[in-house]
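Read the figures in this text as sums done on the coordinates, not as results from a lab. For clarity, every value in this text was computed on a predicted model and none was experimentally measured. All Cβ positions, even for glycine, are placed from backbone atoms using ideal geometry, and neighbour counts span all protein chains on display.
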Amino acid sequence: MIQALASLVALQALDTAADAARKRLAELPAAEKAIDDALAAATAALDGVKGRLHENQTVRRALEKDVAIVDTRLAKFDAHKAAVKTNQEYTALLHEIATAKQEKDAIEEKILVLMENADALSAELKADERAVAEKKKAGDQARSAIAAERGQLDAELKRLAHERTGEVRGVDAPLLARYEQLLKQRRGLAVARMNGELCTACHVRLRPHVTQQIRRNDEIVACESCQRLLYYVEPAPGS
């Protein structure tokens with residue numbers, strides 16, 4: 001294989017690897033955002049439970065005050081029994097007492113329901129606190145892994161750029177310009193291998209005399225369909 005073609009093949013490999021590294025780098029912010037979003041969702045769920053539990057406690061305290069007010073009324077009714085002089089007054093007082101007790105029972109029933117809800121909310125709170133702690137731990141680990149990967153990708157891009165500088169020296173300016181133009185036009189693939197009689201990039205069958213030229217690897221030959229620069233690799237024995 002002539003040096004210019006070998007350099008182009010090497011350049012394509014380096015540019016393909018660099019493109020993959022850049023694409024992966026571009027994906028990392030989304031991966032970090034997904035970590036943040038997962039933690040934010042878990043934290044929001046926890047805050048929601050905390051809010052419902054606080055509301056439950058506020059309502060219960062208000063109802064407990066209502067019970068205390070009813071108890072005060074009942075105590076007054078009991079104290080007033082001795083002062084009742086007629087059956088009519090006594091009957092009216094008993095009605096007031098019964099009404100107050102019914103009111104108290106209804107309030108205490110609401111308090112009981114709230115206490116049961118509070119128990120469920122407390123259990124949910126503990127579960128959500130564990131979930132937030134786990135999300136945070138997993139998120140910290142994932143962010144550390146992403147940071148390490150970012151560092152590796154940056155280092156890989158520097159290495160590829162350095163090697164590319166060396167390979168470029170083996171290609172004259174017009175051919176390099178042609179390669180660079182194809183790289184832009186053909187979605188990052190300017191040099192392709194011929195497999196059998198096919199261009200592996202566009203999968204178009206090449207004419208016999210063109211395949212013979214490409215097999216020799218002693219000149220720069222372009223695919224007549226996609227214009228990519230083609231090279232040939234002898235298949236391994238038995239393949």
Dimensions in Å of segment 173-232 - Rg and Dmax from alpha carbons: 10.9, 31
DSSP bridge pairs, the chain: antiparallel proportion in percent, nearest 5: 55
Leading residue at positive end of dipole, segment 22-168 (Cβ point charges), from H80, Q102, S144: S144
Theoretical gain in end-to-end length, Q227 to K184 [0.36 nm per residue, Cα-Cα removed]: 14.2 nm
Equivalent-ellipsoid semi-axes of the chain, from the Cα gyration tensor, Å, largest first: 88, 18, 13
Local net charge near E156, Cβ-Cβ under 14 Å (Lys/Arg +1, Asp/Glu -1): +2
Sequence-distant lysines (8 or more away, or on other chains) whose Cα lies within less than 19 Å of K101: K65, K76, K81, K110
q = 0.10, 0.15, 0.20, 0.21 Å⁻¹: log10 I(q)/I(0) that the Debye formula gives for segment 30-135, counting C-alpha atoms only: -0.50, -0.74, -0.97, -1.01
Per-residue [θ]222 nm for the chain (sum of -39500 (n - 2.57) over DSSP H runs n ≥ 4, rounded to 500): -28500 deg cm²/dmol
Relative contact order (%) - criterion: Cα under 8 Å, at least six apart; region: segment 181-239: 33
Computed magnitude of the charge dipole of the chain (debye, nearest 20; Cβ of K, R +1, Cβ of D, E -1): 780
Mean-position separation - Cα centroids, segment 154-203 and segment 121-150, in angstrom: 43
